[in-house]
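Novice: Just passing along the structure, written as structure tokens.
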Amino acid sequence: MNLKLKEKIKESLSAVLPITGIVLMLSIFLVPMELGSIVMFLTGAVMLIVGMGFFQLGAEMAMTPIGEGVGVQISKMKKLITVLLTGFVMGVIITVSEPDLQVLAGQVPSVPNAVLIMTVAIGVGLFLALAIVRIRYKISLPLLLIICYAALILISLFVPKEFLAVAFDSGGVTTGPMTVPFIMAMGVGLASVRSDKNAASDSFGLVALSSVGPILAVLILGCFYKPTEAAYTLTDVATVVTTQDVARVFAQGLPLYAKEVLVSLLPIIAMFLIFQMMTRRYQKRQIKRIAVGFAYTYIGLVLFLCGANVGFAPLGSYLGKELTGVSFRWILIPIGMLIGYYIVKAEPAIQVLNHQVETVTNGAISVKMMNRCMSIGVAVSVGLAMLRVLTGIS
């Protein structure tokens, strides 16, 4: 187990180091920063590295086997209504548990947090059920995606423009650290009982279809609330002088994220216990392994979220604010693309996804290949987003 954890932390180190190097270079050549801010950032980077290592191992030990087990059991269900209801409930539970959704809800002042969270959760639940039916009845994924996104474009024409960005941002909930391991593993479990040649490829697509649900749900929600510009708040970098100040700031943040992650994990743990009592699928040894996996997942997410939100995010906000004030603002585009290229590797859910792709394809698509392709895609997207900001395109 120790060797496996060291391997995961080593992977995390290689993912976070490039971002750390870029920020340090920017602080030297473009945006001078106080030494205390740099120490906060580096401390956050260390927490990210260790947290990602624990999370990846925890997801492998707990979230993946649970997701696969649920997928296999759903495949054995005879009645369509039971399949739909189970998929819907699983989608709602896993989405409510997603920490990213809490962040999004706090940034939309015109909609109560609870309303937005349940709306997104219901959207994911409905489309996860649809994705399960697609695998069960071998429906074409490209056809479904074309129909779904055509519907989104059509509906978006009748929704206040202030809700468009929020709606499409909400689709990112299904790429969070809780949802990706579980939903991806569920797809593998669903397809594992099939013996046709398309079974392996059909194990993918659940995240893609599930992402449509929250977008559609929030677009519809936008018709019932008075639109208000989303107030994305900038977090100030904490002022620190000594190493004790740094320790104090992170110590204040740890209990908050420990509580947040615990609240997120409890529904999943409860779901696992109910699932085990109903199916008796896992042996005692497997249950112990899953319990340890939950502990690793908890430790990893607490460290990751605290490091990211206390050390990483405030400095990122500060960098963005300062870079927009330079005379040659065009430099934001290459810097944004460079950060976008490397930031993909620092997302724990992406690492879980890439490893699962490599496993399902028997190494035909490697983790390195997936990282490279996704990094290029994100870099281009970030470059376009920066161009939109600089040119004021709405």
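The values are calculated or read from the model by the stated rules, or taken from the named source; none is laboratory data. Bear in mind the structure is a predicted one, so any value in this text is a computation, not a measurement. Cβ sites come from the backbone with ideal geometry, for glycine too, and all protein chains shown count toward neighbours. These area figures cover heavy atoms from the full protein model, side chains too; ligands, DNA and RNA do not enter into them. Shrake-Rupley method; radii C 1.70, N 1.55, O 1.52, S 1.80 Å.
Novice: Among Ala295, Ala258, Ala308, Ala270, which is the only one that is open to solvent by less than 60 Å² (accessible area, probe 1.4 Å) and under 17 Å from Leu5 (Cβ atoms)?
Specialist: Going through Ala295, Ala258, Ala308, Ala270 in turn, the sole match is Ala295.
Novice: Could we say that Leu24 is of a type in the set (A, V, I, L, M, F, W, C), part of a helix (DSSP H, G or I), modelled with pLDDT of 85 or more and open to solvent by 20 Å² or more (accessible area, probe 1.4 Å) here?
Specialist: yes
Novice: Another one. Quick test for you: out of Ser14, Ser110, pick the one residue that is surrounded by fewer than 18 Cβ atoms within 10 Å (Cβ to Cβ) and not aliphatic (A, V, I, L, M).
Specialist: Sole residue among the options that is surrounded by fewer than 18 Cβ atoms within 10 Å (Cβ to Cβ) and not aliphatic (A, V, I, L, M): Ser14.
Novice: Same structure, new question: Within the range 279-292, restricting attention to residues that are part of a helix (DSSP H, G or I) and touching a helix residue (DSSP H, G or I) at 6+ places or on another chain (Cβ under 9 Å), which residue is surrounded by the most Cβ atoms within 10 Å (Cβ to Cβ)?
Specialist: Ile290
Novice: Restricting to the range 218-251, count the residues that are at pLDDT below 80, closer than 19 Å to Gly307 by Cα and among the small types (Gly, Ala, Ser).
Specialist: 1
Novice: Out of everything in the range 52-62 that is in contact with a Gly (Cβ under 6 Å, 6 or more places away or on another chain) and crowded, with 24+ Cβ neighbours inside 10 Å, what residue ends up being farthest from Leu5 (Cα to Cα)?
Specialist: Among those that are in contact with a Gly (Cβ under 6 Å, 6 or more places away or on another chain) and crowded, with 24+ Cβ neighbours inside 10 Å, it is Ala62.
Novice: Follow-up question, since we're still on this one. If you go through the range 142-151 one residue at a time, do you hit one that is modelled with pLDDT under 85, of a type outside the set (Gly, Ala, Ser) and either surrounded by 12 or more Cβ atoms within 10 Å (Cβ to Cβ) or not in a helix (DSSP H, G or I) (or both)?
Specialist: no
Novice: Evaluate the following for Lys138: is it among the basic types (Lys, Arg), open to solvent by 40 Å² or more (accessible area, probe 1.4 Å) and modelled with pLDDT of 80 or more?
Specialist: Judged against the criteria, Lys138 is a match.
Novice: Determine whether the range 95-105 contains at least one residue that is β-branched (Val, Ile, Thr), closer than 18 Å to Ala129 by Cβ, open to solvent by less than 20 Å² (accessible area, probe 1.4 Å) and part of a helix (DSSP H, G or I).
Specialist: Checked against the condition, which is being β-branched (Val, Ile, Thr), closer than 18 Å to Ala129 by Cβ, open to solvent by less than 20 Å² (accessible area, probe 1.4 Å) and part of a helix (DSSP H, G or I), the range 95-105 yields at least one hit.
Novice: Specify which of the listed residues (Pro160, Pro112) is free of Cβ contacts under 8 Å to residues at least 60 places away in the same chain and within 29 Å of Tyr225 (Cα to Cα).
Specialist: Within the list Pro160, Pro112, the selection yields Pro112.
Novice: Then there is this: So which pairs qualify, if the first residue must be in the range 310-325 and under 13 Å from Leu42 (Cα atoms), the second must be charged (D, E, K, R) and open to solvent by 30 Å² or more (accessible area, probe 1.4 Å), the Cβ gap must be under 7 Å, and the two must be at least 6 apart or on different chains?
Specialist: Pro314/Asp236
Novice: Then there's this: Do we have Ile22 as out of contact with any His (no Cβ under 9 Å at 6 or more places or on another chain), touching a residue at least 12 places away in the same chain (Cβ under 8 Å) and of a type in the set (Val, Ile, Thr) here?
Specialist: yes
Novice: Go through (1) assigned to a helix (DSSP H, G or I); (2) out of contact with any Ser or Thr (no Cβ under 8 Å at 6 or more places or on another chain) for Gly311 and report which single condition fails.
Specialist: (2)
Novice: Test Ile9 against the stated conditions and say whether it is in a helix (DSSP H, G or I) and over 25 Å from Cys306 (Cβ atoms).
Specialist: Against the criterion (in a helix (DSSP H, G or I) and over 25 Å from Cys306 (Cβ atoms)), Ile9 does not qualify.
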